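Notes follow once the structure below has been shown.
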Amino acid sequence: EVLQQMLDYYTRTGDHWRTLAYRKGINALRRQTKKIKSKAEARSIPGIGERLADKIEEIVLTDHLRRLNHTNESEADKIIQEFLGIYGCGLAQASKWAAQGYRSLSDLRERASLTKNQRIGLERYHDFAQRIPHKEVEAHGAVVRRAIQSVDKEMQVIIGGSYRRGAQDSGDIDLLITKSEATLEQVRSLVLDTVVPQLFREGFLQIGLQTSRRTGEGSKWQGASVLPGTTIWRRLDLLFVPGAEFGAAMIYFTGNDIFNRSMRLLARRKGMCLNQRGLFKDVMRNGQMKLNPGRLVEGRDERRIFEVLGVPWRPPELRIC
Ligand code: TTP
Ligand code: MG
């Protein structure tokens, strides 16, 4: 619990590396079958480094962590974290508001000059803060699937994200939209020109996040939806996936993010490159820099990507790191 509070703190301050280290450490600790009581014991667990082991020992000995008392005091962090819950608000915007002296959501509501979407994000703050039960994620997926298949029966809608990993509830709804032979452009135009306007008319979609992208670009639509007969708005991502990239997109959008990171790292160690579009071979690198895009080996078939990478198939429920 104490480490989790540290993790929350580093998440809201945007400290990427510590966030990763703490997540890994917490998961490794959870898997232990006996109580870890010393630094040496902690250190012997893969995934726990020197500094984290120090902290574990301190927690064992004192029942708390001095550093945490310190972090809890930071009022600015709490404010920033609250602002980060506003849909579409990133760390830069949240920090900016905090620096401008806004201290609460009602401060923002009353005094800040807000874009239309920021105002909606604020009004629906408590909706978006709530987790979405598994069944409800499924119901949103079904509405979108029906709308899409009424235009093109062969178009598929798959619910990805934490839902596909079997989570009981999710933070948002991630829908992959694809068809075996379709290009990105075909999926995008079907969704943006026909399905999204229709779902707005039906009262299912409520807002679309403003994107600065020109039309004819981008591979997703982000917004909010509400089920008929309910009032809570949910965050919804529609992801446009060409048939040829389906497997790689499934891996990416199933996550979790740490699992993805380890798969990408493995690919890189084997001289390959894995991203949400495919697995590529013969990639030449100079340090961090990619010198060529490589040759596509597999994009369509999720299982085949595992095979080529030499990783035993891992069902989505077990892709939690
Ligand atoms: P999210 O919807 O952000 O995550 P989630 O569905 O796993 O969890 P939640 O219940 O909170 O919605 O992103 C969907 C997937 O996209 C995620 O599982 C993995 C991938 N992803 C990354 O690999 N890296 C990232 O930084 C993000 C944001 C997502
Ligand atoms: Mg999600």
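The values are calculated or read from the model by the stated rules, or taken from the named source; none is laboratory data. What you see is a predicted model, and the numbers here were worked out from it, not measured in a lab. Cβ atoms come from the backbone with ideal geometry, glycine included; neighbour counts cover every protein chain shown.
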Item to check | Tabulated pairs, segment 133-148, first over 14 Å from GLY229 (Cβ atoms), second among the aromatic types (Phe, Trp, Tyr), C-beta under 9 angstrom, 6+ apart or interchain | outcome: HIS134/TYR163; VAL137/TYR163; GLU138/TYR163; GLY141/TYR163; VAL144/PHE204; ALA147/PHE204
Item to check | Answer residue from segment 143-161, given it is within 16 Å of ligand 1 (Cβ to nearest atom) and part of a strand (DSSP E or B) and is nearest to ASP257 (Cα to Cα) among those | outcome: ILE159
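Rundown of residues vs (1) within 16 Å of ligand 2 (Cβ to nearest atom); (2) surrounded by 15 or more Cβ atoms within 10 Å (Cβ to Cβ); (3) assigned to a loop (DSSP other than H, G, I, E, B), yes/no style:
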site	(1), (2), (3)
TYR163	yes, yes, no
GLY166	yes, no, yes
ASP174	yes, yes, no
ALA182	no, yes, yes
THR194	no, yes, no
LEU199	no, yes, no
ILE207	no, yes, no
ALA224	yes, yes, no
PRO228	no, no, yes
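Residue by residue through segment 10-42, note down the ones that are touching an Asp or Glu at 6+ places or on another chain (Cβ under 7 Å) and assigned to a helix (DSSP H, G or I).
If the condition is that a residue be touching an Asp or Glu at 6+ places or on another chain (Cβ under 7 Å) and assigned to a helix (DSSP H, G or I), then ARG12, LYS39, ALA42 are the ones that fit.
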Item to check | Which listed residue is within 26 Å of LEU205 (Cβ to Cβ), polar (S, T, N, Q) and under 24 Å from the mean Cα position of the chain (by Cα), from GLN149, GLN93 | outcome: GLN93
Checklist entry - GLY294 fails exactly one of the following numbered conditions: (1) surrounded by 13 or more Cβ atoms within 10 Å (Cβ to Cβ); (2) out of contact with any Asp or Glu (no Cβ under 6 Å at 6 or more places or on another chain); (3) at pLDDT below 95. What is the number of that condition? => result (2)
Item to check | Residue match in segment 130-144 (condition: closer than 30 Å to ILE80 by Cβ and among the hydrophobic types (A, V, I, L, M, F, W, C)) | outcome: yes
